[in-house]
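Here is the structure we will look at, set down as structure tokens.
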Amino acid sequence: MHLTPRILTLTASIAWRHATADPVRAVLLASRMLPPRLRGALRVIGPYGTAAALWAGGDRARALAVLERDPRRQAAFALAVDRPQAARSAIARLRDTDKRRPILAARLAWREGRLTDATRALDSTGSRRGRRGRRPRPIERRLRRALAAGTPARVSVGSKAPRPAQAGPVLHLVTDALPSTSAGYTIRTHEIAKAQRDAGLDPHVVTGPGFPVTKGILDGRRRVTLDGVPYHRLLPWTLTGQESQAVELTARLVSRLRPSVLHPASNYSNARVALALRDRYGIPVVYEVRGFWEDTWLSRHPEDAKALKESDLYQAIRAAETACMRAADLVITLGEAMRDEIASRGVPADKIEIVPNAVDEAFFRPLTPAPHDDYVIGTVTTLVPHEGIGTLLAATRILRGRDVPARALIVGDGPDRAALERQARADGTAATFTGRVPAARVRDFHALLDVFVVPRTRDRVCQLVTPLKPVEAMASGLCVVTSELSALAEIVKHEVTGMLTMPQDPVSLADCLEWLYRNPDVRAKLGAAAREWVAEDRTWTRNAERYRLAYANMR
């Protein structure tokens with residue numbers, strides 16, 4: 001830790017915002033930070049602590065059940081853990097005269113993206129405390145920000161014409177970054193910057209206000225250099241959460257660096273900061289669309305996806321993203337399905353470039369397989385619902401029933417980890433969960449795998465966005481099996497560079513994996529073909545040239 005008075009003050013500011021916006025969620029965040037053996041101590045703070053300890057341990061049904069007698073508490077807890085259906089049932093049990101009902105109804109509407117309904121629920125509170133009291137105030141602020149986010153008029157359209165790209169640094173504006181956060185998003189940022197540096201460009205990276213303190217990492221360094229790439233951090237004394245604060249903090253860095261290109265990456269909040277700075281300094285903006293955040297939100301609640309897609313929040317985020325895409329001087333994205341989606345929003349095709357996910361040359365070094373008796377099938381990913389890890393666990397159990405010595409190896413962490421581990425134990429599934437591992441150790445786990453599996457769901461975000469991890473596995477020469485989705489079919493050609501199976505179908509996945517188990521020569525052939533395909537065109541060195549041309553050709 002690198003503690004300074006500024007970081008301590010910033011930490012207190014962030015903690016206070018969490019506590020006042022949602023005290024129950026603050027308890028949950030604390031439960032995640034505690035080692036498993038200490039989570040039981042949360043029970044001393046009452047029913048919320050007991051529920052939080054159970055939830056952190058993966059026992060989600062009991063966590064909600066312990067609050068059954070108090071619908072207020074059950075609704076508040078269900079909202080904090082993002083279970084709107086449970087919250088709706090609990091709120092329905094409250095009397096119409098209950099003073100907390102409008103506040104809880106507003107929070108439920110917020111969680112479901114019904115921003116107008118949330119505002120009406122708050123306005124319906126008859127008391128001054130309901131309208132202006134301490135508790136609803138953070139909700140009302142978030143509602144106003146979310147509603148404003150969907151107003152395209154607020155996005156700069158370039159009142160000051162950008163000057164042509166010229167010699168000078170490239171400033172990447174991102175949400176989070178290495179070394180504090182390791183994920184596909186942050187790895188892509190770092191590999192881009194390293195490759196651009198090696199190609200003679202001068203890349204710098206700046207993270208959002210408050211990072212990494214906002215992630216619970218008390219690191220007061222304002223600049224960190226990693227592999228020769230400078231990472232700048234915007235660390236104010238307090239965090240307002242306002243876009244204007246992000247613009248002013250980033251403007252100080254822009255004035256000092258004098259970049260030739262502003263290169264924000266998803267989501268729209270980074271793009272809006274860059275567009276505001278374009279108006280101020282006349283620097284062209286390249287918006288890199290790495291995902292569609294509104295569809296990622298949908299994927300967390302597939303059972304309500306149809307209704308959520310019509311919600312105020314979904315439409316607001318989509319409108320903000322679309323406005324940023326149209327306003328940018330150039331849009332870069334990861335694949336063909338994403339390019340088609342962006343073009344469908346009115347962005348001219350000649351203003352969209354594809355720079356796909358790629359790998360470092362180190363991934364082409366031969367693996368040293370670790371000896372093992374099991375048939376190891378697994379993945380490296382963030383453990384969230386749309387990754388479909390439950391399907392992989394179910395397929396593993398089916399294979400064991402067919403006398404295939406299958407073992408699932410799940411490398412990574414995320415909000416679903418505890419529940420997935422509990423599922424595996426309850427079903428007697430042979431599975432190993434490693435938790436988060438450093439990016440430098442990923443290939444150590446590749447060496448343990450016989451097949452790399454990407455069992456993504458049918459959610460819209462999975463249809464559109466191509467992940468990085470399967471490309472890394474292909475470069476390592478692993479046989480890759482993925483769900484048959486548009487974005488994944490761009491990188492895996494069935495029975496050529498891998499295998500495709502029906503999404504969310506454990507039997508289909510098990511059938512494919514069993515056939516590969518009984519045909520190890522096919523596994524080797526598919527892995528070799530995948531490695532050759534990646535080596536031909538999917539390296540960060542090749543991508544650096546794509547970026548150089550894109551910057552040079554901006555009009």
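Nothing in this text is a laboratory measurement; each read-out follows from the coordinates by a stated rule. Only a predicted model underlies this, so the values are computations on that prediction, with no experimental measurement involved. Glycine gets a Cβ as well: all are built from the backbone with ideal geometry, and neighbour counts include every protein chain shown.
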The relative contact order of the chain, taking Cα pairs under 8 Å that sit 6 or more residues apart, comes to a percentage of 13
Unit-weight point scatterers at every alpha-carbon of region 278-399, Debye formula, q = 0.12, 0.15, 0.17 1/Å: log10 I(q)/I(0) is -0.71, -0.93, -1.04
Between the alpha-carbon centers of region 408-426 and region 223-268, tell me the distance in whole angstrom.
-> 35
Label point at residue 502 placed 7 Å out along Cα→Cβ; residues across region 399-415 whose backbone nitrogen lies under 18 Å | 399
Estimated FRET transfer efficiency when R0 is 35 angstrom, pair residue 549-residue 82 (beta carbons, to 0.05) | 0.25
The chain, dipole about Cα centre (Lys/Arg Cβ +1, Asp/Glu Cβ -1), debye to the nearest 20 = 3180
Sorted from largest down, what three extents in whole angstroms do the Cα atoms of the chain have along their principal axes?
-> 72, 63, 46
If each of residue 16 and residue 354 carries a label point 7 Å out from its Cα toward its Cβ, how far apart are those two points in nm?
-> 5.0
Let me know the charge dipole size of region 362-537 about its Cα centre in debye, to the nearest 20, where only the beta-carbon of Lys, Arg (+1) and Asp, Glu (-1) is charged.
-> 320
Tell me, what ³J(HN,Hα) does each residue in region 355-367 have, in order and in whole Hz, if you take phi through Karplus 6.51 cos²θ - 1.76 cosθ + 1.60 with θ = phi - 60° and put x for Gly and Pro?
-> 10, x, 4, 8, 9, 6, 4, 4, 5, 8, 5, x, 6
Span from the region 337-379 Cα centroid across to the region 63-93 one, whole angstrom | 40
Work out the charge dipole of the chain with +1 on the Cβ of Lys and Arg and -1 on the Cβ of Asp and Glu about the Cα centre, then indicate which of 311, 205, 464 is farthest towards its positive end.
-> 311
Förster radius 51 Å - calculated FRET efficiency between residue 242 and residue 486 (Cβ-Cβ, nearest 0.05) = 0.85
